[in-house]
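Structure, as structure tokens:
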Amino acid sequence: MNAPRARPYDGLTPDVVLDALESVGLRGDGRLLALNSYENRVYQVSLEDGTYVVAKFYRPGRWTDAQILEEHGFALELQAREIPVIAPLAPNRQTLHPFKAYRFAVYPRRGGRTPELEDEKVLEWIGRFLGRIHAVGAAAPFRHRPALTLDTFGAEPRDWLLESGLIPEELRDVWAGVSAEALERTRPYLQDTRALRLHGDCHVGNILWTDQGPHFVDLDDARMGPAAQDLWMLLAGDRATAARQLKALLAGYERFREFDRAELSLIEPLRTLRLVYYAAWIGRRWADPAFPAAFPWFGSTRYWQDRILELREQTAAIDEPPLSV
């Protein structure tokens, strides 16, 4: 695999994590727990005063300081509106901190469990908060963070994959043709869409549930894009099941913000873009030892055969009538 050789976290030892926190006045007692995160490195840290914080070390080179601070600002804006988003703390009156080769943020520790998305009341509850998030997100644009477009989520990642050497040679031309057709099918749907500030990666793993309801974590992929992007990843199953789930989400959502029904036609095009973007995301991180360990099947012939089949199915799905609620 001709992937980049950068190993951005080789220098991030437990001592560096603890020293970084001490540099902002937070003294750890030596106990660290690595949390599940591939893009960044995230640790639960026990402090000497008996409390816990979560330290997030950003992947070097991915975001500019301005882009990270814009993410933090959005989270704090939502928190100020009493929307349950986990926002960064501000030791030393700052939310973003440099330390050696890294930049990090500190968050309060919040527990929770995976929400039961088969429960329509749970979906309606989540929908209410998504409606509130989007009402705030529509009030002003991001100025530094990127937008979800056909180019950023489709064409550019596709071009990168074709040049990367990661696709088996015997499947490269087939994948090139199938992906080109799939992306071209999405083009009419992604023109002239209304963009707002989004969570950006609103899947079930980024929602924690407690008896008080949901709270949303990890705005690392926050960007400008259509409202449908924060809804479709919460849908699963056959069309009838997905339609029931969507109806419950929108029942909550539309208590706080009208949802443009025309965006229902974006669900399958957005799913198509994510298939291409996700494969490129893994490929771009392949030199990071965490990725071969987590995705050992990536790059195999079977993996790319499955991706070709998925894209063919998506091309057909785009032509189907949108979900009806």
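Annotations for the structure displayed:
- Considering only GLY111, GLY205, ALA279, and ranking their Cα positions along the charge dipole of the chain that arises from unit charges at the beta-carbon of Lys, Arg, Asp and Glu, the one farthest toward the positive end is GLY111.
- Rounded FRET efficiency, nearest 0.05, which uses the C-beta distance separating ARG81 from SER37 and R0 of 41 Å: 0.95
- Burial ordering of VAL122, VAL85, fewest other beta-carbon atoms within 10 Å first: VAL122, VAL85
- Backbone geometry of the stretch 214-222 corresponds, through the Karplus equation with coefficients 6.51, -1.76 and 1.60 at θ = phi - 60°, to 3J(HN,Hα) couplings of x, 9, 9, 10, 6, 8, 4, 9, 4 Hz, x marking Gly and Pro.
- Estimated inter-spin distance, ALA287 and ASP159, nm [label 7 Å along Cα→Cβ]: 2.1 nm
- For PRO14, neighbours were defined as the other residues whose beta-carbon sits under 15 Å from its Cβ, and their charges (Lys and Arg +1, Asp and Glu -1) total -1.
- Distance between the pseudo-spin-label points of TYR278 and ALA251 (7 Å out from Cα toward the beta carbon): 2.8 nm.
- Neighbour-limited loop hits for GluC sites (Glu not before Pro), the stretch 219-325 (at most 15 other Cβ within 10 Å; DSSP other than H, G, I, E, B): GLU254, GLU258
- Radius 11 Å from Cβ of HIS144, net charge of other residues (Lys, Arg +1; Asp, Glu -1): 0
- In this calculation the C-beta distance from HIS203 to ASP15 is compared with R0 = 35 Å, giving a FRET efficiency of 0.55.
- If the segment from ARG194 to ALA240 were pulled out straight at 0.36 nm per residue, it would be longer than the present Cα-Cα gap by 13.9 nm.
- Of the residues HIS72, TYR38, GLY25, the one whose Cα sits farthest towards the positive end of the charge dipole of the stretch 1-88 is TYR38 (charges of +1 on Lys and Arg Cβ, -1 on Asp and Glu Cβ, taken about the Cα centre).
- Relative contact order (%) - criterion: Cα under 8 Å, at least six apart; region: the stretch 120-318: 36 percent
- The share of C-alpha pairs in the chain whose separation exceeds 24 Å stands at 59 percent.
- Under 5 Å between amide hydrogens, built in the peptide plane, is the criterion, and for LEU235 it picks out nothing among residues at least 5 positions away or on other chains.
- A crude spin-label estimate for the pair ARG27 and ARG62, with each label 7 Å from Cα along the Cβ direction, gives 3.2 nm.
- Neighbour-count order for VAL45, VAL17, fewest beta carbons within 10 angstrom listed first: VAL17, VAL45
- Theoretical gain in end-to-end length, ALA316 to ARG187 [0.36 nm per residue, Cα-Cα removed]: 45.0 nm
- Taking the Cα centre of the chain as reference, the dipole from Cβ charges on Lys and Arg (+1) and Asp and Glu (-1) amounts to some 540 debye.
- All lysines inside 18 Å of LYS100 as judged from Cα atoms, apart from same-chain residues fewer than 8 positions distant: LYS56
- Loop-resident trypsin sites (Lys or Arg not before Pro) (DSSP state other than H, G, I, E or B) in the stretch 82-143 with no more than 14 further Cβ atoms inside 10 Å of their Cβ: LYS100, ARG109, ARG110, ARG143.
- Compactness check for the stretch 14-108: Cα Rg over 2.2 N^0.38 Å is 1.04.
- Counted over all Cα-Cα pairs of the stretch 200-325, pairs farther apart than 19 Å make up 58 percent.
- Among the trypsin sites (Lys or Arg not before Pro) in the stretch 237-325, those placed in a DSSP loop whose Cβ has at most 13 other Cβ atoms within 10 Å are ARG255.
- Between the stretch 261-325 and the stretch 157-199, the alpha-carbon center distance in angstrom: 9 Å
- With 0.36 nm allotted per residue and the present C-alpha distance subtracted, the ALA294-TYR52 stretch has 84.4 nm of extension available.
Just so you know, all these numbers are worked out from the coordinates, no wet-lab data involved. All values reported here derive from a predicted model rather than from experimental measurement. Positions of Cβ are generated from backbone atoms using ideal geometry, with glycine treated the same way; all protein chains shown enter the neighbour counts.
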